[in-house]
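Written out below as structure tokens is the structure these notes cover.
Where a number appears in this text, it was derived from the coordinates with a stated rule and is not lab data. Just so it is clear, the model here is predicted, and its values are computed rather than measured. Note that we place each Cβ from the backbone using ideal geometry, even for glycine, and neighbour counts take in every protein chain shown.
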Amino acid sequence: MATICVCGDVVNYRHPDGIFCSSDLGAVVSGADYSVVNCEAPVQGYGAPQPKSGPHHSQRVETIAGLKAQGFDLLLLANNHIMDFGDKARVAHT
């Protein structure tokens with residue numbers, strides 16, 4: 001039977017190497033046959049803040065490589081902050 005690890009929202013503001021999982025969590029993520037995480041915000045440096053109420057979130061460019069290095073297989077982008085910096089930021093992930 002396959003094992004699946006599904007994680008919640010990730011926004012990386014402070015880990016410059018993109019690695020933020022503890023060693024225990026990293027072992028669970030990389031040990032699963034398939035690991036999924038919600039990338040809650042677009043990557044910094046693309047687009048411009050869009051008019052909205054509430055905060056504009058973005059995360060370090062290194063986050064994507066860090067998630068892959070930690071064993072994640074799929075990043076979900078369908079969330080309420082993915083358009084904080086417009087289409088240019090949204091498509092920068094794909």
Handout entry: Which of ILE64, TYR34, VAL6, positive extreme of dipole for region 4-91 (C-beta unit charges)
Key = ILE64
Handout entry: For THR3, THR63, order by how many other beta-carbon atoms lie within 10 Å, fewest first
Key = THR3, THR63
Practice task
Would you order ILE64, ILE19 from fewest to most other beta-carbon atoms within 10 Å of each residue's own beta-carbon?
Solution key: ILE19, ILE64
Completion exercise
Connecting every pair of Cα atoms under 10 Å apart in the chain and solving the GNM, the largest mean-square fluctuation among LEU25, LEU77, LEU67 falls on LEU25
Completion exercise
Once amide hydrogens are built 1.01 Å from N within the peptide plane, the residues lying 5 or more places from GLN59 or on another chain with amide H under 5 Å from its amide H are VAL43, GLN44
Problem - Within region 4-91: Cβ-based charge dipole about Cα centre, in debye rounded to nearest 20 (Lys, Arg +1; Asp, Glu -1) - result: 300 debye
Problem - Taking SER22, SER35, SER53 and counting other C-beta atoms within 10 Å, the order from fewest to most - result: SER53, SER22, SER35
Exercise for the section: Report, in deg cm²/dmol and to the nearest 500, the calculated mean residue ellipticity at 222 nm for the chain, where each DSSP H run with n ≥ 4 adds -39500 (n - 2.57) and the sum is divided by the residue count. Expected result: -6500 deg cm²/dmol
Practice task
Go through region 16-27 residue by residue and turn each phi into a ³J(HN,Hα) via Karplus (6.51, -1.76, 1.60, θ = phi - 60°); whole Hz please, and just put x for glycine and proline.
Solution key: x, 8, x, 8, 10, 6, 5, 4, 5, 5, x, 5
